[in-house]
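See below for the structure under consideration.
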Amino acid sequence: MKTNQKLKYLFSLVILSGLLLTTSCSKDDEPASNLTGFTSFGFTNDLIKDYPFTVDNTNFVIKNTDSLPYQFDASALIAQFSVISGSKVDIAGVSQTSGVTVNDFSNDVTYTVTAEDGVTERTYTVEVNIAQTNPEGVQWSQKSPNAFDNTFETQEYFYLNGKHWVVLGKRFVWFQTSPESKLYSSTDGISWTEETPTGDFPVGYDHNIVVANNKAYVVGYISGVDTWGADQPTLEKNLFTTEDGISWTKSEDALDVARIYSPGYNVDETIYAFAGNLQGGFGSFTNARPIGAPFYPPAGISPSTLVSTNGTSFTPSADYSAEMPKRVYGAGYVYEGKMYVAGGIGADGFPLNDVWSSTDGVTWSLVSEGAFTARRGSSAVTYDGKVWLFGGQLEDGQVSTDMLVSEDGGVTFSPVPADQLLPSNYKARLNADISVDADGNLWIIGGETVTDVTYSDEGYVDAITYEVLTDVWSGKLNKL
């Protein structure tokens, strides 16, 4: 009985040993796997580790959907990947280790993934797509070569309720003609329509227009000749407003003191009209030009700023800082809640090259002097958190081709890079209107260019011939 139990025990051991031996032999005899391929792919480098790369196991292509930053250096990247178990990875026979091996991905790279069987292979092409367009570049286009009537000498642009508007003005000849105006509108900047305004439309020229509170405000312009009948233009003291561009309303004597050729500002819906040319002395709008001065100095320059908090009444401020030279034809812009004025013509008839800032129109602080060549009639706008300064007329009477940008509010200015420059068929100009619409498009409207300058025997500017421009340009930063 006991013998039988021992035999049963021995027999069980033999059976179990046989089973173990059989199982072991079957595993050793299994063929190696022929499954292989990438299951994930990316890079460890900090700048791009969060960019997703898609593994296409149908076409065997690995690439990023979102382009890497412009001019990104892909010459030394470390790939981090996972593969089907048992697979080996190489590039041209050189073994690759995830998270370790460095390669140049400036051009497409071919990976070979070999299965456990050592025979089955898959070849993948890795494409590292880098943005080819500079996000800081600007794509410019001429929307219209001749948008308006070029027999009108002045153009004042405003953008209101998603539409472009331009008020044209024609100067009068003493005792022969009266001022004229036209109104144009456009929805796209390409096609412009002459409109028939209603109500009290401000007929005249050199309009100073500010947009605030969803209205356009004409804060001064030349409306005719004075009541004495002399050859003296009349500066308009009435305020003109419109909510739709077509219908205009007049507010009698709302400006208190008439002025022109001054920057207008909207700061938190408070309207400012800085300084400007006042009604000149009887019989003379400008003084005689000093010897050597390229331009006629203004007969009278306001020492104050018109201010309106309600859009109805405008009150002159106290005289502004005596340290700031008086001027007209300065370029105005708003930057980080402050008003700025750059350049212009001083009381001596010479252009200026300084920048001043103020929060109230009274106290002005010097921001910079000599940051750009002295000029008058340049155009400035705040765009993408920077100040952009276009053109203007220099001391020699010629028009500047400059496109300058400042990243510090006007302390320093530098030429824009080549891929932000306007095309070669863009004419350098002064007194152009520059604006930014709600979609981040820059607009340049009209202005004047100089076709000829003659000089005296002493080398001073003697006479300047101007050409009115009626073209419209638009540009937008690529990243916007």
Contacts under 9 angstrom Cβ, first residue in the stretch 141-168 being surrounded by fewer than 18 Cβ atoms within 10 Å (Cβ to Cβ), partner at pLDDT below 95 and among the aromatic types (Phe, Trp, Tyr), 6 or more apart: GLU153/TYR205
When the stretch 454-480 is checked residue by residue, the ones that are modelled with pLDDT under 95, crowded, with 17+ Cβ neighbours inside 10 Å and among the small types (Gly, Ala, Ser) are none
Within the stretch 421-453, restricting to residues that are among the acidic types (Asp, Glu) and at pLDDT 95 or above, the one that is surrounded by the fewest Cβ atoms within 10 Å (Cβ to Cβ) is ASP452
Please verify whether GLU180 is crowded, with 16+ Cβ neighbours inside 10 Å, assigned by TED's automatic domain parsing to the domain that holds VAL468, out of contact with any Asp or Glu (no Cβ under 9 Å at 6 or more places or on another chain) and under 23 Å from TYR466 (Cβ atoms), treating the condition exactly as stated. yes
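Residues checked against (1) free of Cβ contacts under 8 Å to residues at least 24 places away in the same chain; (2) touching a Leu at 6+ places or on another chain (Cβ under 9 Å); (3) of a type in the set (D, E, K, R):
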{"site": "LEU404", "(1), (2), (3)": "no, yes, no"}
{"site": "PHE413", "(1), (2), (3)": "no, yes, no"}
{"site": "ASP433", "(1), (2), (3)": "no, no, yes"}
{"site": "LEU442", "(1), (2), (3)": "no, yes, no"}
{"site": "GLY446", "(1), (2), (3)": "no, yes, no"}
{"site": "VAL461", "(1), (2), (3)": "no, no, no"}
{"site": "LEU469", "(1), (2), (3)": "no, no, no"}
{"site": "GLY475", "(1), (2), (3)": "no, yes, no"}
From the set of residues in the stretch 299-338 that are crowded, with 24+ Cβ neighbours inside 10 Å and hydrophobic (A, V, I, L, M, F, W, C), which is farthest from ASN214 (Cα to Cα)? VAL328
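Take residues that are under 25 Å from the mean Cα position of the chain (by Cα) and among the basic types (Lys, Arg) and tell me which of the strands (runs of 3 or more DSSP E) falling wholly in the stretch 322-393 contain 1 or more.
Values: elements: 331-335, 338-346, 351-358, 364-369, 379-383, 386-390.
Of the strands (runs of 3 or more DSSP E) lying wholly inside the stretch 322-393, those with at least 1 residues that are under 25 Å from the mean Cα position of the chain (by Cα) and among the basic types (Lys, Arg) span 338-346, 386-390.
Please find, among GLY292, GLY343, GLY337, the residue that is in contact (Cβ under 8 Å) with a residue 12 or more places away in the chain, over 23 Å from LYS237 (Cβ atoms) and in contact with a Lys or Arg (Cβ under 7 Å, 6 or more places away or on another chain).
Numbers: GLY292 fails: in contact with a Lys or Arg (Cβ under 7 Å, 6 or more places away or on another chain); GLY337 fails: in contact with a Lys or Arg (Cβ under 7 Å, 6 or more places away or on another chain).
Matching residue, one of GLY292, GLY343, GLY337: GLY343.
Name every residue in the stretch 426-455 that is aromatic (Phe, Trp, Tyr) and part of a strand (DSSP E or B), in order of residue number. Explain how you work it out, then say what you get.
Restricting attention to the stretch 426-455, the residues satisfying the condition of being aromatic (Phe, Trp, Tyr) are 426, 443, 455.
If the condition is that a residue be aromatic (Phe, Trp, Tyr) and part of a strand (DSSP E or B), then TRP443, TYR455 are the ones that fit.
For the stretch 136-218, list the strands (runs of 3 or more DSSP E) that sit wholly inside it and hold at least 3 residues that are small (Gly, Ala, Ser) and either within 30 Å of VAL405 (Cα to Cα) or touching a Pro at 6+ places or on another chain (Cβ under 9 Å) (or both); which are they?
In the stretch 136-218, the matching strands (runs of 3 or more DSSP E) lie at 180-186.
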Please work out if ASP29 is surrounded by fewer than 14 Cβ atoms within 10 Å (Cβ to Cβ), modelled with pLDDT under 95 and over 17 Å from ASN107 (Cα atoms). yes
For the stretch 93-135, what are the residues that are exposed (fewer than 12 other Cβ atoms within 10 Å of the Cβ), assigned to a loop (DSSP other than H, G, I, E, B) and hydrophobic (A, V, I, L, M, F, W, C)? VAL100, VAL119
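The values are calculated or read from the model by the stated rules, or taken from the named source; none is laboratory data. Small disclaimer: the values here were computed from a predicted structure and weren't measured. Neighbour counts run over all protein chains shown; Cβ positions are idealised from the backbone, glycine included.
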